[in-house]
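The block underneath contains the structure these notes are about, expressed in structure tokens.
The values are calculated or read from the model by the stated rules, or taken from the named source; none is laboratory data. Not measured: the values here are computed from a predicted model. Neighbour counts are summed over all protein chains in view; Cβ atoms, including those assigned to glycine, are modelled from backbone coordinates with ideal geometry.
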Amino acid sequence: MSLKNEFIIKSAIYVAIGISIVSIYISNVSSQNNLLYLNIANISLLIIILLAYYKDLKKHIIINSIYDTQTKLYNRQYFLAELATTYERAIRYNSPLCILMISIKNLDKFTSKEKKIILKAVGASMLTHTRQSDIVCRYDEDKIAMLLPMTDYINASIAKDRLRNYLLNLNIEEINTTLKYDFTIVQNHEEESADEFLVRCIEATLVDIV
């Protein structure tokens, strides 16, 4: 079930409970002796429902603000925010930092439905075969970007080879073709900013097919 559908169902449940409370209140309003207790019970229950609804709404907003709905990876906005803080940390502690950019070749040749299937499968594979410390996002329509903290070019290349093996052997039953990918690795330089680091990586994807 998608996050959107789950949220809609929960919202409907909250509304239904709220309506039930109001109905109970109306049916019992004629009883003056129980009116005060009924009001207190209804108000208390309504507050609990509203708090639960607010908690789910807040969770829904947060999830949609940092995740890509098709791949379940982080979105570009979150990646850029993490790049800024992670890059600053790498410079401060003189530690290596790499970006691995993975481009899905010829994605535009597939139908909209096939693209969704491909992106979902690629996203699931990336989540399964990357470290918890790696920040993996859907950077563009056909690009997955990975931020690799404490990782130099050599170790990033090892990670690239491992991921390439998994992705090339990815079996998507609904897609009767073998997907192809381009891989680009860029390591940070002390004399550049985080934005310049990212620009250098994007430029490298245009010329560097690994």
Revision key, fill the gap. When segment 158-199 is checked residue by residue, the ones that are more than 24 Å from Phe110 (Cα to Cα), surrounded by 16 or more Cβ atoms within 10 Å (Cβ to Cβ) and either of a type in the set (Val, Ile, Thr) or over 22 Å from the mean Cα position of the chain (by Cα) (or both) are Ile185, Val186, Gln187, Asn188, Phe197
Study note, to complete from the structure: Contact list, first residue from segment 84-103 and assigned by TED's automatic domain parsing to the domain that holds Val199 and in contact (Cβ under 8 Å) with a residue 12 or more places away in the chain, second anywhere and assigned to a helix (DSSP H, G or I) and basic (Lys, Arg), beta-carbon distance below 8 Å, six or more apart or interchain, is Ser95/Arg89; Leu100/Lys160
Point to revise | Residues (free of Cβ contacts under 8 Å to residues at least 24 places away in the same chain and either among the aromatic types (Phe, Trp, Tyr) or assigned to a loop (DSSP other than H, G, I, E, B) (or both)) located in segment 137-192 | key: Asn169, Asn171, Glu173, Asn176, Thr177, Thr178, His189, Glu191, Glu192
Practice item. Please enumerate the residues belonging to segment 91-103 that are surrounded by fewer than 21 Cβ atoms within 10 Å (Cβ to Cβ) and aliphatic (A, V, I, L, M). Key: Ile91
Check your understanding: Looking at segment 95-133, which of the residues that are among the basic types (Lys, Arg) and assigned to a helix (DSSP H, G or I) is farthest from Val199 (Cα to Cα)?
Key -> Lys113
Revision key, fill the gap. Per the filter on segment 193-210, residues more than 25 Å from Lys115 (Cα to Cα) and assigned to a loop (DSSP other than H, G, I, E, B) are Ser193
